[in-house]
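Following: one structure in structure tokens, then a few remarks.
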Amino acid sequence: MSFILAQFLTGLASASSLFLVASGLSVIFGVTRIVNFAHGSLSMLGTYLAVTLVPLFGVGSVLGFWGGVLAAALCVGVFGGLLEVAILRRLYGSFELFPLLATFGVVLVVQDATLALWGPTDILGPLAPGLDGTSEVFGLAIPQYDLVLIALGPLVLGFMLLLLRRTRWGVLVRAATEDREMLGALGVNQKLLFTSVFVVGAFLAGLGGAVQIPREPANLLMDLNIIAEAFVVVVVGGLGSLTGAYLAAVLIGEIQAFGIVLFPEITLVIVFLVMAVVLAVRPWGLLGRPEPVADSTLPAGAVVLRPMGKVGRLAVAAAVATLAALAWLAGPYYQQVASEILVFALFAASLQFVTGVGGIITFGHAAYFGLGAYGAALMVRHAGLPMEFALLAAPAAGGIGALLFGWFSVRLGGAYLAMLTLAFAQILWSAASQWYAVTGGDNGILGVWPSPWASDPATFFLVVLVVCVAGLAGLRWTAHTPFGYALRAGRDSPRRSAAIGIDVGTRRWAGFALGGVFAGLAGGLYAFLKGSVFPGVLAIPTSVDGLVMVLLGGIQSLTGPWIGAAVFVGLKTLLASATDYWRIILGTVIILAVTGFPQGIAGTLADWTRREGR
Amino acid sequence: MSLLEVRDLRKSFGGVAAVDGVGFTVAAGEMVAVIGPNGAGKSTCFNVLGGQLRPDSGEVVLDGLPVTGLRPEALWRLGVGRTFQVASVLGSMTVRENVQMALLAANRRSWSLTRRLRNEERRRADAVLRRLALLGLADSACATLAYGDVKRLELAIAIANRPRLLLMDEPTAGMSRGDRGALMAEVAALARESALGVLFTEHDMDVVFGHADRVLVLHQGRVVAAGAPDAVRNDPRVRAIYLGAAAEAGRA
């Protein structure tokens, strides 16, 4: 009994911090319609700033501790405001992928900046003076600081609700959240409102991170862990509902508190199952209101699909022939690089099929790549099956995963989709890195070697070439079939598609699953190419790599992913060998690319929306 | 028996009755116009009939078959075509591909992974395009069309599968005066030829009184008048609704 109560209180304490972060995310989304991927990074900055500022303010004193925590949160708030002014302001109303990518660029930049400023080792924060002991609650010794945190969540919730109900600022925020046209009619300085909302949201994220210092050391994995948890909380609670976010935070916090004791290795799987149940019963979350599936803005340059001309076919034939010649002409190193490019081209093409053709903006496509890789590796290492079977299991694993996760995420549009796909990928990543018995955890699965007949590097390279070219051709073919056209019809106009008998939701689900099949195939090849699998194949950076490849090649171009993959893998190979800080460069490039030419892309989009009249 | 029979249809939004007990019929080959001031419930009524909204109560019967609350996809297969107030076409496809998709989806062949779209239903699609004088534009991308052509393409999509009932929400909105007459004449000819029932809303009274066989007047979610165009035009209640307080004051 006492154990249950103790765990329950620990869960409540974690819930408060989670709620602070999630509430900021929710408020920012409500007003600006931007899903702030950098929100976890803001929270991480809050933690790092707090472990630095609190000692400066005086470790021993109560004022020093709380002053430092507050100052850290304020700094993060200001930083959030700067982000809005410098980057996000340019992206309101643009193609929904752009703000997501831009905030992800910020994630990468903040990650490397934090590494540069604070170093790679975890930093333990000071304890809160006067609260470093335990208090007796119902005969149990409970850390006093936990009790403060337990109170903090409801306090901030109450304060935010008051702020929203009783102040002019709150009225404006609610107006913007619920009825954007009314906001325009009120004659409000929207720029100022949006910036202030970012400041408040970032402050909450920073505070959520800063109050964690006595409980958790500052570390570089916090950003993505927190953002995935915050996404789960916001989605389970219902987008835009602060009370819902608190309830969901308590739910998730409690699952983690009990799960870590009862089922330490599959806590995250339980989180996923609970989320699945909530969303199956209430697709819009506990307290969320149904939003009509937003008609997505058409991606830039949504152009008519034409069959490949003679020149194109010759070019492809020449490229394939040249690649095949590498099997005899080049050494193992170049064959390895070429294989990697081919595998990522297939991965990027499967993502292009989902995102470009289907208009489904996913941030977790690596989940299916990783499922394929792990599926293949497990077949070989645990089931003892040869490569041929493993390469069949890989697409099956990717497809089944996409079918399962897609059911929850793809039916819902826009923001829910982006958050859920990312959360799913992060959950899989955590499971892969925690479940030592099956996945080997961070040690990965080693010794995933091709069958003897293909073990020679040149032969294996040819296997990769054949499978990837077949996969790429398959995806291209699919885009030209009625299936692919119907998928694209759903992207172009959900309303028209339904009116001519296309069930858009089911079609998107099927398209998403098919993308998962091809991603899984690429993942399976990747496992044999590397001879090993690590949790990194599932991680969010892999998903974003794919998106960057797709964007480099042109989101509407079926051939684009080939080129995008070649350029990206080439550049990354160069950068990674030249500097440890390739993330900051990649992040900056993403931000500049997305904000730098909004006219070019947004202009095209405006044309499209004008024609569609929506 | 009527082609379309609507009985006591109701739909409210947050306590406000947008459609409040509407009933009417449309016969095969008949053109029926629904008119009424803004907020009369025309669009809600259309969206219920087209399957975009579910009614709170009431019945919709198509050719003897109850179709109340069916989704747009199902209605299309049962022979209900639909055009929207703001023309809605598949923007990234050519004119011909739009019609091909409409034909394939109607026959549940839009799941095929074994053929290219290019040659599917091409002849039937071209026949529809020829009928609406769009064949010359068959290979053009929708994005390059003039708005009048987009409106006609939308009509081509809606009639491609030879529907029995055509729902048109403001078919001529945004078109030039000359294009309006031509489009409606085309619709009228189609209705006569293939016994197609047409229900349309319209703001342009020339279009309404020039092409409708019957006119239905909605006001505050109810049918206040229905009948031949001339009878409706001279109905004092209709005049009161359209001219509002001014007419009342003039009479007083």
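The table that follows gives values for the structure above.
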read-out	value
Rounded tilt (10° steps) of A:222-237 against the dominant C-alpha axis of chain A	80 degrees
Within the protein assembly as shown: Cβ-based charge dipole about Cα centre, in debye rounded to nearest 20 (Lys, Arg +1; Asp, Glu -1)	2160 debye
Unit charges on C-beta of K, R, D, E only; dipole of chain B, Debye	680 debye
Accessible area (Å², 1.4 Å probe, nearest 10) - A:Leu558	30 Å²
Whole-number percent relative contact order across chain A, with pairs defined as alpha carbons under 8 Å at least 6 apart	21 percent
Binned Cα-Cα distance frequencies in chain A - 20 Å width, integer %	20, 53, 25, 3, 0
Cα pair distances in region A:1-126, grouped into 10 Å bins until the bin that holds the longest one, percent each	11, 34, 32, 17, 4, 0
Residue order for A:Ile87, A:Ile502, A:Ile266 - accessible surface, 1.4 angstrom probe, largest first	A:Ile266, A:Ile87, A:Ile502
Per-peptide average of other Cβ atoms within 10 Å, ordering A:328-337, B:123-132 highest first	B:123-132, A:328-337
Helix B:177-194 vs. chain B, principal-axis angle (Cα, 0 to 90°, nearest 10)	80 degrees
Nitroxide proxy distance, nm - points 7 Å out along Cα→Cβ at A:Thr121 and B:Leu65	7.5 nm
Label point at A:Tyr92 placed 7 Å out along Cα→Cβ; residues across region A:197-237 whose backbone nitrogen lies under 14 Å	A:197-199
Shielding of B:70-77 by partner chains, average beta-carbon count, 10 Å	4
Of all DSSP beta bridges in the protein assembly as shown, antiparallel share, percent nearest 5	60 percent
Relative contact order of region A:310-578, defined on C-alpha pairs under 8 angstrom at six or more residues apart (%)	38 percent
B:Ser2/B:Arg130 FRET efficiency (R0 41 Å; Cβ-Cβ; nearest 0.05)	0.85
Accessible surface, per residue, of the protein assembly as shown when the full set of protein chains is kept, probe 1.4 Å, Å²	39 Å²
Full-stretch length increase - A:Val171, A:Arg306 - with 0.36 nm per residue and alpha-carbon distance subtracted	43.5 nm
Sequence of A:Glu340, A:Glu136, B:Glu97, B:Glu59 from largest to smallest accessible area, 1.4 Å probe	A:Glu136, B:Glu59, A:Glu340, B:Glu97
Cβ-Cβ FRET estimate between A:Thr52 and B:Arg233, R0 fixed at 56 Å, reported to 0.05	0.10
With DNA, RNA and ligands ignored, accessible area of A:Thr177 (1.4 Å probe; Å², nearest 10)	40 Å²
A:Glu136 paired with B:Arg123, simple spin-label distance in nm, labels 7 Å along Cα-to-beta-carbon	9.4 nm
Value at 222 nm in deg cm²/dmol, rounded to 500, when DSSP H runs of n ≥ 4 in chain B each add -39,500 (n - 2.57)	-11500 deg cm²/dmol
Distance (nanometres) between label positions extended 7 Å along Cα→Cβ at A:Asp456 and A:Ala473	2.4 nm
Order of exposure, largest accessible area first, which applies to B:Tyr147, A:Tyr526, A:Tyr145 with probe 1.4 Å	B:Tyr147, A:Tyr526, A:Tyr145
Dimensionless Rg/Rh of region A:2-255 - Kirkwood Rh, Rg from C-alpha atoms	0.98
Rounded to the nearest 10 Å², the accessible area of A:Ser94 at probe 1.4 Å	20 Å²
10 Å Cβ neighbours from other chains, averaged over peptide B:43-53	1
For region A:310-578, Kirkwood radius (reciprocal of mean inverse C-alpha pair distance, Å)	18.5 Å
Protein heavy-atom accessible area occluded, B/A pair - total, 1.4 Å probe, Å²	3300 Å²
Threshold 50 Å², region B:89-105 residues less accessible with all protein chains present than alone (1.4 Å probe)	B:Leu90, B:Ser92, B:Met93, B:Met101
Cβ-derived FRET efficiency at R0 45 Å, A:Val281 paired with A:Trp328, nearest 0.05	0.15
Between 0 and 90°, nearest 10: helix A:168-178 axis offset from chain A longest Cα axis	30 degrees
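The values are calculated or read from the model by the stated rules, or taken from the named source; none is laboratory data. Worth saying up front: this structure is predicted, and the values here are computed from it rather than measured. For neighbour counting, all protein chains shown are included, and Cβ atoms are generated from backbone atoms with ideal geometry for every residue, glycine included. When the accessible area is computed, the model is the full protein with side chains, heavy atoms only, and any ligands, DNA or RNA have been set aside. Shrake-Rupley method; radii C 1.70, N 1.55, O 1.52, S 1.80 Å.
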